[in-house]
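Chemist: Can you read through this structure? Questions will come right after.
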Amino acid sequence: QVQLAESGGGLVQPGGSLRLSCVVSGIILRPYVMGWYRQAPGKQRELVVSITNGDTTDYADSVKGRFTIFRDNAKNTVYLQMNNLKPEDTAVYYCKFSALSRNYWGQGTQVTVSS
């Protein structure tokens with residue numbers, strides 16, 4: 001079993017930055033893929049960025065050059081650094097862990113970009 005806990009969301013002005021964290025606990029099987037997803041009101045959940053245990057990343061076109069995923073293996077934590085935030089980035093952000101055809105989700109953290 002894997003548990004995920006996100007944090008770091010909040011209210012930020014356009015052009016601002018936030019860093020989200022996702023702490024992973026439990027039995028971490030390999031190979032795995034971790035990802036950040038987001039869901040805006042009235043819209044489907046979408047992939048923001050994913051990273052494999054081999055550090056291969058895949059970014060959505062809408063966030064390339066603004067968002068960066070990285071991790072601290074010693075802390076079992078994956079981060080999402082979000083810069084130059086735009087109002088359209090407003091959403092609930094979820095962390096996802098996938099291994100052996102199983103998916104685990106965190107509870108989500110709200111990001112609101114507004115002046």
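The values are calculated or read from the model by the stated rules, or taken from the named source; none is laboratory data. Keep in mind that what you see is a predicted model, and the values were worked out from it rather than measured. Glycine gets a Cβ as well: all are built from the backbone with ideal geometry, and neighbour counts include every protein chain shown. Heavy atoms of the whole protein, side chains included, go into the accessibility calculation; ligands, DNA and RNA do not. Shrake-Rupley method; radii C 1.70, N 1.55, O 1.52, S 1.80 Å.
Chemist: Sort Leu18, Leu11 from largest to smallest accessible area, using a 1.4 Å probe on the heavy atoms of the protein chains.
Modeler: Values: Leu18 30, Leu11 130 Å².
Largest to smallest exposure gives the sequence Leu11, Leu18.
Chemist: Once the dipole of region 1-102 is set up with Lys and Arg at +1 and Asp and Glu at -1 on Cβ about the Cα centre, which of Asn76, Ala40, Val92 lies farthest towards its positive end?
Modeler: The one lying farthest along the dipole's positive direction is Asn76.
Chemist: Considering only protein heavy atoms and a probe of 1.4 Å, how much of the accessible area of the chain is carbon and sulfur, as a whole percent? The partial results should precede the final answer.
Modeler: Numbers: 2940 of 6230 Å².
Answer for the chain: carbon and sulfur cover 47 percent of the accessible area.
Chemist: Excluding the sites themselves, what is the longest stretch of the chain that contains no trypsin sites (Lys or Arg not before Pro) in a DSSP loop with at most 12 other C-beta atoms within 10 Å? Provide the component values of the computation, followed by the final result.
Modeler: Details: sites that count: Lys43, Lys64.
After excluding every exposed loop site, the longest remaining stretch is 65-115.
Chemist: Ranked highest first by the average count of other Cβ atoms within 10 Å around their residues, in what order do 88-95, 1-8 fall?
Modeler: Values: 88-95: 19.9, 1-8: 15.2.
Highest to lowest by the protection proxy: 88-95, 1-8.
Chemist: I've got another one for you. For region 34-94, give the magnitude of the charge dipole about the Cα centre (Cβ charges: +1 Lys/Arg, -1 Asp/Glu; no others), in debye to the nearest 20.
Modeler: Values: 8 positive and 7 negative charges, 28 e Å.
Around 140 debye, computed over region 34-94.
Chemist: Treating the beta-carbon of each Lys and Arg as +1 and of each Asp and Glu as -1, no other charges, what is the dipole magnitude of the chain about its Cα centre, to the nearest 20 debye?
Modeler: Numbers: 12 positive and 8 negative charges, 26 e Å.
It works out to roughly 120 debye.
Chemist: For region 101-115 and region 1-29, write down the distance between their C-alpha centroids in whole Å.
Modeler: About 7 Å separates the Cα centre of region 101-115 from the one of region 1-29.
Chemist: Under 26 Å Cα-Cα from Lys43, which lysines qualify once same-chain neighbours fewer than 8 residues away are excluded?
Modeler: Partners within reach: Lys64, Lys86, Lys96.
Chemist: For a distance above 17 Å, tell me the whole-number percent of Cα pairs in the chain that qualify.
Modeler: Numbers: 3305 of 6555 pairs.
It works out to 50 percent of all Cα pairs.
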